[in-house]
Amino acid sequence: MAYIYVALVDTPGFFAALIRRFLKQRYIHVVLGFDVELREAYSVGRRNPAVPVFAGFEKEDKGRILEAFPTAFYRICELECTDGQKKALWETIQRDYQKRFRIHYAVLGLPFLLAGIPFYINNQYTCSSYAARVLQENGIVAFKKHFSLVTPKDFYTARNMRVVFEGELSQLVFGRPDSFSECIRGGSMCV
């Protein structure tokens, strides 16, 4: 067996507050990671953490995110998959990363998401719709709705994900082994 990681993120800021208000959920951003420390992690989100206007497919940079949002809060969930599924997901992510400047945030899709109407324009996603699409296409997770309607809440209510870390991003960046690594090795939930 292999594992991938889904990070659910709560960041401060005006744009984040709007999304939180409309979706009525704490975690408003979804990141796919290939290791528990999120060294290899990708999402559809801000190209520059400090500037919400420009968004698309990017490799996550925890240091830059911490600099822009010192109080960012993360929940990292472990998701079991086969070695083949993880490899296929990696290949999908790398293909998409090569064309990252053609993948954009689906701003036009947000009203449809709120209305519960599936909506997709080629290469336009929310963070959660992108993650849902690639996880479904690679046979790792199946949602009971169109990928464009998946929100971060669908990830943190999924039965097959195990929380391995929950805390401030600074704990993850500065590697507090007492609260993070031990928890992961011990297999217990971190809160």
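In this structure, is S128 touching a Pro at 6+ places or on another chain (Cβ under 6 Å), part of a helix (DSSP H, G or I), in contact (Cβ under 8 Å) with a residue 12 or more places away in the chain and under 19 Å from G33 (Cα atoms)?
Working: touching a Pro at 6+ places or on another chain (Cβ under 6 Å): yes; part of a helix (DSSP H, G or I): yes; in contact (Cβ under 8 Å) with a residue 12 or more places away in the chain: yes; under 19 Å from G33 (Cα atoms): yes.
Judged against the criteria, S128 is a match.
Just to confirm my filter: which helices (runs of 4 or more DSSP H) fall fully inside the range 135-188 and include at least 1 residues that are crowded, with 17+ Cβ neighbours inside 10 Å and modelled with pLDDT of 90 or more? Let's see the steps before the verdict.
Working: elements: 152-156, 169-173, 181-186.
Counting at least 1 such residues, we get 152-156, 169-173.
Which of (1) polar (S, T, N, Q); (2) exposed (fewer than 13 other Cβ atoms within 10 Å of the Cβ); (3) touching a residue at least 60 places away in the same chain (Cβ under 8 Å) is the odd one out, the single condition N122 does not satisfy?
For N122, the failing item is (3).
Anything in the range 66-98 that is farther than 15 Å from L32 by Cβ and among the aliphatic types (A, V, I, L, M)? List them, or say none.
L66, A68, A72
The values are calculated or read from the model by the stated rules, or taken from the named source; none is laboratory data. These figures come from a predicted structure and were not determined experimentally. Backbone-built Cβ (ideal geometry, glycine too); neighbour counts: all protein chains shown.
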